[in-house]
1. With respect to Lys30, determine if the residue is under 16 Å from the mean Cα position of the chain (by Cα), under 20 Å from Ala121 (Cα atoms) and surrounded by fewer than 14 Cβ atoms within 10 Å (Cβ to Cβ).
2. Cβ-Cβ distance below 8 Å, separation of 6 or more or different chains: which pairs start in the stretch 9-23 with a residue that is more than 17 Å from Ala50 (Cβ to Cβ) and free of Cβ contacts under 8 Å to residues at least 40 places away in the same chain and end on one that is surrounded by 12 or more Cβ atoms within 10 Å (Cβ to Cβ) and of a type in the set (Gly, Ala, Ser)?
3. Within 17 Å of the chain's Cα centre (by Cα) and over 29 Å from Ser122 (Cα atoms): is that true of Thr52 in this structure?
4. For residues in the stretch 85-125 being among the basic types (Lys, Arg) and over 22 Å from Glu39 (Cα atoms), which is surrounded by the fewest Cβ atoms within 10 Å (Cβ to Cβ)?
5. If I filter the stretch 100-116 for residues that are touching a residue at least 12 places away in the same chain (Cβ under 8 Å) and on the phi > 0 side of the Ramachandran plot, do I get at least one hit?
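Read-outs throughout are calculated quantities, based only on the coordinates presented, and are distinct from any laboratory measurement. These numbers were taken from a predicted model, which means no experiment stands behind them. Cβ placement follows ideal geometry from the backbone for every residue including glycine, while neighbour counts extend to all protein chains displayed.
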Amino acid sequence: MQEDSFLLSPYRIRLNFGVVTATRVQALTKRKKNEENEEEYLDRVIRGDALTVLGKALDRLHNCRTLLACPPEKRRKQIDETRKLVMPKLLQALRSCGNTFVMYADYIEKEMEKALSIAEASLAA
């Protein structure tokens, strides 16, 4: 995911890390809100290779594990979006990439459920 910096421009990433990495970073970099919605973004990520999808799934897992630091409204939105949109799309895409990625998807799904359950419990308290 690309930071807003001239030091990490697409050109610099390609120059320093190669075309494959630059392509993955471009796939993972969100566009402005008025240019694409979350579902379009995920579809673009899924069109990338297996490691691009894995990177996004792990990024969302990290986000879910840190939801307790977010306000309750954002927590609820992230939980709903993760369960209804993100998990089904990303995990299905990972599972279609072969045996190794099926194991990754199973692990991420289990860990994401744990994180989401903790976040949901905090909303009920």
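1. Here the answer is no, as Lys30 does not meet what is asked.
2. Every condition considered, the pairs that remain are Pro10/Ala22; Ile13/Ala22; Arg14/Ala22.
3. Numbers: within 17 Å of the chain's Cα centre (by Cα): yes; over 29 Å from Ser122 (Cα atoms): yes.
Against the criterion (within 17 Å of the chain's Cα centre (by Cα) and over 29 Å from Ser122 (Cα atoms)), Thr52 qualifies.
4. Narrowing the stretch 85-125 to residues among the basic types (Lys, Arg): 89, 95, 110, 114.
Keeping just the survivors that are over 22 Å from Glu39 (Cα atoms) gives 110, 114.
Numbers: Lys110: 10, Lys114: 13.
Result: Lys110.
5. Step one: of the stretch 100-116, the residues touching a residue at least 12 places away in the same chain (Cβ under 8 Å) are 101, 104-105, 108-109, 111-112, 115-116.
This time we only want the ones that are on the phi > 0 side of the Ramachandran plot, so: none.
The answer is no, given that none of the residues of the stretch 100-116 is touching a residue at least 12 places away in the same chain (Cβ under 8 Å) and on the phi > 0 side of the Ramachandran plot.
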